[in-house]
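The values are calculated or read from the model by the stated rules, or taken from the named source; none is laboratory data. On a predicted model such as this, the values are computed, not experimentally measured, just so you know. Here the Cβ positions follow ideal geometry from the backbone for every residue, glycine too, while neighbour counts run over all protein chains shown. These area figures cover heavy atoms from the full protein model, side chains too; ligands, DNA and RNA do not enter into them. Shrake-Rupley method; radii C 1.70, N 1.55, O 1.52, S 1.80 Å.
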Amino acid sequence: MLADFIGEDQDAPPVLPEGLPEPAVPLVSEGIHRLMDYQGASYAQLYVDRLQRFVGMRGVDDAMFCEIARLMAARMSYQDPIRIAQLKLAEIDAGADGPGMHSADDIRKFRLDELIGALPAVVAEPVLGALERIHWTHRSLSISFSTKSRWGIRRLKIEASLRRWRRFSVRYGRERAWVERWLHMIGRSLVKQPTAANEIVQTADMIQGYGDPYRQGFADWHAIVDGLVKPTLDGVLPLADLAAAIAEARAAARPDPRQAALKRAIAEISARALSTSAHAAAG
């Protein structure tokens, strides 16, 4: 972590896990390179370590393993202003753009809590608390990621250099907890309801991008896991077909901060399961 903070992650690139399914080799290799570019070798090693737990696991076929590898690499390289600056600089390196090319400005809209959350927690948490008190956390701010001038490119380099602090940020802590919970639910499902494991894997694509769509997907994911997945795996909710229930709930999700349709669908699914269980016990 100290090496990350001072920007000197000199660790060797991680090696592929032993026993890796053959179809997953190019996907995992791509994920490693992506995450080394995103944060460094030690972060890519974390990706490999997380994958290692599923190598040879009962119920995890090649297709499921590939999806876990693909979706985890995408989620671990979540889009924040730092990442967008990195990608814009990569476009220049690839010859897609450069100063004086007069490309259109790339303007992105972020929420204030999202921007502040990219800072180290020791700085961000007091600011987020102040924004919460004045109800400004959901306010949006447009940021230009421009390669039209040397100043624009210099600013991108400054923004991209902030990656050394990313692992100390509020957002990183939230994302790390989410990935671990997603993997935990997959693992529990493979034991309790193996037929639902692939559906749980696919829920990762509910969370994408940044701004309001990201927040909506994050909230919807937790609503489904807290309302259906965890109670079922805990033995509290008698859902015989968890996979179908997840798919039904996802189909009901709407871009609604109140989650009215999703909450109604989860309540109806739960009520049906409890009613079916009660009738079976009575009969």
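Quick look at the values:
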| quantity | calculated |
| --- | --- |
| Odd one out for W178 among (1) open to solvent by 30 Å² or more (accessible area, probe 1.4 Å); (2) under 30 Å from L233 (Cα atoms); (3) touching a residue at least 12 places away in the same chain (Cβ under 8 Å) | (1) |
| Cβ pairs under 7 Å, 6+ apart, first in segment 187-213 and more than 15 Å from A74 (Cβ to Cβ) and open to solvent by 30 Å² or more (accessible area, probe 1.4 Å), second among the aliphatic types (A, V, I, L, M) and assigned to a helix (DSSP H, G or I) | R188/L233; K192/L233; T195/A243; N198/M64; E199/A243; E199/I246; E199/A247 |
| Search result, residues across segment 146-162 that are open to solvent by less than 30 Å² (accessible area, probe 1.4 Å) and modelled with pLDDT of 90 or more | I153, L156, A160 |
| Selection from segment 164-175 of residues that are assigned to a helix (DSSP H, G or I), touching a residue at least 12 places away in the same chain (Cβ under 8 Å) and open to solvent by less than 50 Å² (accessible area, probe 1.4 Å) | R166, R167, V170, R171, G173, E175 |
| Pairs where the first residue, in segment 255-274, is of a type in the set (G, A, S) and the second is open to solvent by less than 30 Å² (accessible area, probe 1.4 Å) and part of a helix (DSSP H, G or I), C-beta under 6 Å, 6+ apart | A261/A252; A265/A249; A265/A252 |
| Residue within segment 155-163 that is part of a helix (DSSP H, G or I), of a type in the set (G, A, S) and under 18 Å from the mean Cα position of the chain (by Cα) present | no |
| Members of segment 13-27 found to be open to solvent by less than 90 Å² (accessible area, probe 1.4 Å), under 18 Å from R58 (Cβ atoms) and either in a helix (DSSP H, G or I) or of a type in the set (D, E) (or both), listed by number | A24 |
| Hey, V55 in a loop (DSSP other than H, G, I, E, B) and of a type in the set (A, V, I, L, M) or not | yes |
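Here's the yes/no breakdown for (1) part of a loop (DSSP other than H, G, I, E, B); (2) surrounded by 15 or more Cβ atoms within 10 Å (Cβ to Cβ):
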residue	(1), (2)
L35	no, yes
S42	no, yes
R50	no, yes
G59	yes, yes
R70	no, yes
A85	no, yes
R108	no, yes
E125	no, no
E132	no, no
